[in-house]
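Here is the structure we will look at, set down as structure tokens.
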């Protein structure tokens, strides 16, 4: 199981059963408790049931509601669950856009295989999201509020009734849309301090992922066990854990984001943009990570304004390398990236009893800001990026 | 979060709200499709809600039903879930028993902490199960059918509405009871072959657990990602994966059971009962594992009948050690143990292209059989073990 039987039906977003809500919810105001709650969803949701015998059933768009789940369902016992984090953007040209949604579709389908859930034709995911936003888009992202976004959460769970330890023979894909506060609004602005994330380097007794494990897949199993370390870091005033791995303490991820550093290479003296590699399957292949690398390789290998040219490198590096570069004054800046946190500078990493201060008050993470502005132009269709190849336009929004 | 606020209410099984089912289900016949389905539960279930603000609410016993779960619930996205596997036994003296239930309660509470879920007074778990079985016991385990059992599945999930990556602020503990086929009935009896499990040693590209991870906790996150390897092993005709770890390929667990081997030590020449240690937190601290060790240390360090005296050893050993012992004729027998598989001999381990045959046709795993008989006497209150300290009696079964 876990893959589609040869005769079973493929996921198909071309025919969708729609049931409209007759009880529309209030759209929360920016900064309201409802928006900050991370639990208030739009009026509708997508659900698609899959069975091993028949494959994917007809997708439904229906009023947002609780799921009815058997107490024996695989997702409640064996973490047969995976998800994606995406956003839908209201553009400055009035249009709704997704950002490289096929990369999310592909990753969700790959995660599904790792969790013994059904894979699917990944291109259908963006079409299902389009069906949802054609209905909820105009109310939840009004055309006169460009620059707004909703967080999207496509999720796939083992939802059948079998308690036996085996691949699920039934699954449910669902998609919800959630108003989400701007992540940068979560950063405390402390007078005399730079605005950026504070990361706490993980201890050797807590490891997020391991070779032969599943760190590269967006499985629920990567998150629940990491919450304790995350909570501990937050209680000490940090925003995220910087996850290290191995006896040499390699830098892998920051919280649920990818981590980048710009430094001068001690050997070559050249300025490098560095992030951990994908090969050992320890880190999540982030869509934002990939986009940052592609943009940097295209545009930042030459001088841009007052920013020096970069070499773009995916390689293993350790917290010791970071500390040494910082002590020798070779670090230019560091930032994390991902859908939830987008591109956010890192101002400090605490590693044991050393505070590695990466951004001082008044300093600016110039590369991060520039890359962020490029991505925003693509996401929100502005600055001449109205028709970028990374955008997927959602058309035919319905007036009611 | 993840632990109870100082003023919050503790889990308390002394007051339970009971709602009786008015629509009793058929009790499946042994060997029926319903019983084999692993998805057919008894008439009632236990649920207890916890909130960070108020702690544990009044437990409920109510008709078995689907759970209504918010699509944003933590358990569906971040695998904030843990469980226990237990059984309730109808004794030969007509009484209902649990086997060392406080060990399960303690482990569930420990697992909860690892998954940032609420811990609880572990002694209450057995009392909640008693409330359920006082209502369902007589119908589902009739007094005139001694030797029958139901599988029990206490489960704790993050059930609140917050999608943010953080410790759940709401959780639900539920307990269901499931008719379960005798695990030994799953073993194929092939003429000319011994009856026992066939294990496939895991490849280095798939590991179950790692140091600094959560292999020692009964989290859903340990199971879903292992289903792919399990399914692959089953497709090749094996019953379970033998999970190895590290460059030296240490033997850790077999499927979801603990693994024991009896061999002659090459150095000392002494006969040893060996299993992997708990210290490095790679394996689950099984209740059956612990009971096997305790019984063996008490009763098997001297000759019993035709079985030689054993030294009982918890230590790291490798698949290479097993293969060498087998080649040199030093292996006596091997078995797995756990609640689901109880005590089951291993007849073969395939490691790469080597088939390590541990039990030949006509041979008997004598130690496994003896330990199993001792445990059965305690579980089912027979052979003078009617009042063993490992038993918890469920009294006051209700007639309707």
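The values are calculated or read from the model by the stated rules, or taken from the named source; none is laboratory data. What you see is a predicted model; the values in this text were computed from it and never measured. Here the Cβ is made from the backbone with ideal geometry for all residues, glycine too, and neighbour counts use every protein chain on show.
When segment B:354-394 is examined, which residues are found to be in contact with a helix residue (DSSP H, G or I) (Cβ under 8 Å, 6 or more places away or on another chain) and in a loop (DSSP other than H, G, I, E, B)? Once the filter is applied, which keeps residues that are in contact with a helix residue (DSSP H, G or I) (Cβ under 8 Å, 6 or more places away or on another chain) and in a loop (DSSP other than H, G, I, E, B), segment B:354-394 yields B:358, B:382, B:383, B:384, B:385, B:388, B:390. Apart from one condition, residue B:329 fits all of (1) within 20 Å of residue B:349 (Cβ to Cβ); (2) outside any loop (DSSP other than H, G, I, E, B); the exception is (2). Scanning segment A:168-191 for residues that are touching a strand residue (DSSP E or B) at 6+ places or on another chain (Cβ under 8 Å) and either part of a strand (DSSP E or B) or modelled with pLDDT under 95 (or both) yields a count of 14. So, in segment B:120-161, of the ones that are under 23 Å from residue A:74 (Cβ atoms) and in a loop (DSSP other than H, G, I, E, B), which residue ends up nearest to the other protein chains (Cβ to nearest Cβ)? Checking each candidate, the answer is B:161. Candidates B:14, B:21, B:32: the one that is surrounded by fewer than 16 Cβ atoms within 10 Å (Cβ to Cβ), at pLDDT 95 or above and either within 18 Å of residue B:138 (Cβ to Cβ) or more than 14 Å from chain A (Cβ to nearest Cβ) (or both) is B:14. Residues in segment A:74-119 that are under 27 Å from residue B:67 (Cα atoms) and part of a strand (DSSP E or B): A:81, A:82, A:83.
Residues in segment A:199-256 that are assigned to a loop (DSSP other than H, G, I, E, B), under 16 Å from the mean Cα position of the chain (by Cα) and over 17 Å from residue A:356 (Cβ atoms): A:215, A:216, A:217, A:218, A:223, A:256.
Just so you know, in segment A:233-250 the residues that are at the interface with chain B (Cβ under 10 Å from one of its Cβ atoms) and closer than 22 Å to residue B:75 by Cα include one that is surrounded by the fewest Cβ atoms within 10 Å (Cβ to Cβ), and it is A:234.
Evaluation of residue A:79 against the conditions (1) in contact with a strand residue (DSSP E or B) (Cβ under 7 Å, 6 or more places away or on another chain); (2) more than 13 Å from residue A:155 (Cα to Cα); (3) surrounded by 23 or more Cβ atoms within 10 Å (Cβ to Cβ) shows that the sole unmet condition is (2). Counting the residues of segment A:251-270 that are within 13 Å of chain B (Cβ to nearest Cβ) and in contact with a helix residue (DSSP H, G or I) (Cβ under 9 Å, 6 or more places away or on another chain) gives 3. Residue-level check: of (1) within 14 Å of another protein chain (Cβ to nearest Cβ); (2) surrounded by 23 or more Cβ atoms within 10 Å (Cβ to Cβ); (3) over 30 Å from residue B:59 (Cα atoms), residue B:173 misses just (3).
Note on segment B:49-76: among residues that are at the interface with chain A (Cβ under 7 Å from one of its Cβ atoms) and over 25 Å from the mean Cα position of the chain (by Cα), the one that is surrounded by the fewest Cβ atoms within 10 Å (Cβ to Cβ) is B:68.
List the pairs whose first member sits in segment B:294-317 and is at pLDDT below 95, whose second member is in a loop (DSSP other than H, G, I, E, B), and whose Cβ atoms are under 7 Å apart, counting only residues at least 6 apart or on separate chains? Here the result reads none, with nothing in segment B:294-317 linked to a residue that is in a loop (DSSP other than H, G, I, E, B).
If you check B:224, B:212 for being buried (at least 23 other Cβ atoms within 10 Å of the Cβ) and either more than 23 Å from residue B:348 (Cα to Cα) or within 7 Å of another protein chain (Cβ to nearest Cβ) (or both), only one passes: B:224. Scanning segment B:141-160 for residues that are in contact (Cβ under 8 Å) with a residue 60 or more places away in the chain and more than 21 Å from the chain's Cα centre (by Cα) turns up B:146, B:158, B:159, B:160.
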